[in-house]
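Worksheet for the structure shown next.
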Amino acid sequence: MRHLPLDHPGTPDHRSPGRFLWWLALGQWRTLVMGMLFGIVWMSAQAVMPAVIGRAIDSGVAAKDTRQLLIWALVLLVIGLVQAGSGIMRHRFAVTNWLTAAYRTVQLVGRQTVHLGGTLPRKVSTGEVVAIGTSDLSHLGQVMDVSARFSGAIVSFLLVSVILLRTSVTLGLVVLVGVPLLMLLVGPLLSPLQERSARQRALMGELSNTASDIVGGLRVLRGIGGEQVFHDRYRRESQATRRAGVEVAKLQSLLDALQVFLPGVFVVVVVWLGARYAVEGRISPGELVAFYGYSAFLMIPLRTATEYANKVIRAQVSARRVCHVLALTPDVTDPEIPAPSPPVGSSMYDVRTGLRLHAGSLTAIVCEQPDESALLADRLGMAAAEVDDDVRLGDVPLTALRREEVRRRILVSDTAATLFSGRLADRIDVTGTGRVREALDTASADDILEALPEGLDSVVAERGRTFSGGQRQRLVLARALAVDPEILVLVEPTSAVDAHTEARIASRLRRQREGRTTVVTTTSPLMLDAVDEVAFLRGGRVVATGRHADLLETDPVYRAVVTRETEPAAPEEVLQ
């Protein structure tokens, strides 16, 4: 699958599930056509077998002609071999179509996830995305899988109808009229099935989201004694999902029963008519056997047709969920005409807060409210929920630049950053800079590496759960340092480490980032002692700047925030 921009004409139309399914089909039309061709040959070979058996009975057995019997037996053998070979190829292409549709959807949703970035978790739940990667992929793949058999079912039905019409007009008309009537009897079940499937799909997404929350916050839940509360919540939601599944199963079981019962009734009618015609001498014994064979065979196209309708309904429900994710737009989009790139080494300035970052400096942002400084850090990297033109690189607002350029030149690493599973070296050196050892040394993470039996080749578990909080924080810091961006923004990078480790990180960070702009949000005196300049943020504005030691002496409010002392009262408050 080619990786096209999401607004490229070759990308799917996410305005309707039907158009999305059509786009999937067009993207793999070659394998779909081959699967359909082999499906037609496979099912047509089955369709003509009763006719060959009937001729063998009439020309060979009834006429006691050994030569004719051998000829028709040989023809039957050839048809059997054709059916076996085409059946194998049909299955291979059916599996290919299933996998292609499923993993093209994975690529598409994955690319959209990267495109949305931090917008995704703000607009759609984790459970919704997880459900797309599990049940929805299966339903989308199945509709491509069954297409080969469905095309074969249509052609073989028409082929059998023509054969029957040539033998008996009455029996041929029974088949031509009876099969569509059977499909009409199943039709009223399809719409309620789609509605119930959609409800079950929505509940499954909510349940997956609840499960993700519980697993992700299990330690916190145990700490506050909230396990039972979330257990009861999960039980309620799982029971609601189960009841919705039962409602779907009721209709599904009825549909499956009709797939057997209605064709069975149809077979009885055709065999009864054929037997009467044989008794009356209007058809030969071989033709009677052929009629029975046709009646038994017609159960396959009938069941395939109802299966196709069922899977199309489920695929539409799944496609609607995929379309919902594809329709999301990022909070920040590229400008139609990007501004010229500021030169490397440009300073940054935030109009809203008055923060100025000098090129090549190590600056700390101190704020009594950690959320306020974290929001400023996100704004510096154009990663906040609300983006404006206030943050400028050189004289150019970040919003006037391409997002790719901003992401390449400015990196924000916050406390919510996690480690992905995989080889440790690959999880740290995500851009291939080769600075893994240097980054680990700066983050004082050498002891972590030494404790791992396979070193950098060790496999990181999901979310790095095998590491302690302090170890994860240092590895996340090493990952950010290994990228070596022009401007690095770190949010509380040492909040979970001890004082000795923090002192080492502070001194090494200054040395390792020399000549490049670095911003750290912190209130730790150990880190503040190592920076070039401190910006004190209060009430959404930078109210003081300078060296840490100078601000401690001249600004009592700053001193109270950093040393955790009680803020001194204003003179007028003392007089009162």
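Descriptive notes on the structure:
- Of the helices (runs of 4 or more DSSP H) that lie entirely inside the range 314-433, not one contains 3 or more residues that are out of contact with any Asp or Glu (no Cβ under 9 Å at 6 or more places or on another chain), crowded, with 19+ Cβ neighbours inside 10 Å and of a type in the set (F, W, Y).
- Selection count, the range 263-288, where residues are of a type in the set (F, W, Y) and surrounded by 13 or more Cβ atoms within 10 Å (Cβ to Cβ): 2
- Residues in the range 494-537 that are farther than 13 Å from V562 by Cα and open to solvent by 70 Å² or more (accessible area, probe 1.4 Å): S495, D498, H500, R504, R510, R511, E514.
- For K64, the conditions (1) of a type outside the set (V, I, T); (2) outside any helix (DSSP H, G or I); (3) in contact with a Gly (Cβ under 6 Å, 6 or more places away or on another chain) all hold with the exception of (3).
- Here L251, L255, L288, L298 are screened, and the one residue that is under 24 Å from S44 (Cα atoms) and touching a helix residue (DSSP H, G or I) at 6+ places or on another chain (Cβ under 6 Å) is L288.
- Taking the numbered list (1) among the charged types (D, E, K, R); (2) open to solvent by less than 40 Å² (accessible area, probe 1.4 Å); (3) modelled with pLDDT under 80 in turn, R303 passes all entries but (2).
- Where a residue in the range 441-459 is without any contact (Cβ under 8 Å) to a residue 40 or more places away in the chain and farther than 25 Å from R510 by Cα and its partner, wherever it lies, is open to solvent by less than 20 Å² (accessible area, probe 1.4 Å) and in a loop (DSSP other than H, G, I, E, B), with Cβ under 7 Å and at least six apart: L452/S458
- Qualifying residue in the range 117-131 (condition: in contact (Cβ under 8 Å) with a residue 12 or more places away in the chain, under 26 Å from F38 (Cβ atoms) and either surrounded by 17 or more Cβ atoms within 10 Å (Cβ to Cβ) or in contact with a helix residue (DSSP H, G or I) (Cβ under 9 Å, 6 or more places away or on another chain) (or both)): no
- Residues considered: R510, R516. Of these, the only one that is in contact with a Pro (Cβ under 8 Å, 6 or more places away or on another chain) and among the charged types (D, E, K, R) is R516.
- Contact map, the range 362-388: first residue of a type in the set (D, E), second residue assigned to a strand (DSSP E or B), Cβ cut-off under 8 Å, separation 6 or more or different chains; pairs are E368/R538; E372/L537; D378/V412.
- Enumerated strands (runs of 3 or more DSSP E) restricted to the range 448-545, each holding at least 1 residues that are closer than 23 Å to S373 by Cβ, out of contact with any Phe, Trp or Tyr (no Cβ under 8 Å at 6 or more places or on another chain) and acidic (D, E): 533-538
Okay, residues lined up against (1) in a helix (DSSP H, G or I); (2) within 30 Å of H324 (Cα to Cα); (3) over 15 Å from the mean Cα position of the chain (by Cα):
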residue: R30; (1), (2), (3): yes, yes, yes
residue: W42; (1), (2), (3): yes, no, yes
residue: A51; (1), (2), (3): yes, no, yes
residue: R55; (1), (2), (3): yes, no, yes
residue: N97; (1), (2), (3): yes, yes, yes
residue: T113; (1), (2), (3): yes, yes, no
residue: L120; (1), (2), (3): yes, yes, no
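- Any hit, the range 37-47, residues being hydroxyl-bearing (S, T, Y) and touching a residue at least 60 places away in the same chain (Cβ under 8 Å): yes
The values are calculated or read from the model by the stated rules, or taken from the named source; none is laboratory data. Small disclaimer: the values here were computed from a predicted structure and weren't measured. Positions of Cβ are generated from backbone atoms using ideal geometry, with glycine treated the same way; all protein chains shown enter the neighbour counts. Accessible surface areas use protein heavy atoms only, side chains included; no ligands, DNA or RNA. Shrake-Rupley method; radii C 1.70, N 1.55, O 1.52, S 1.80 Å.
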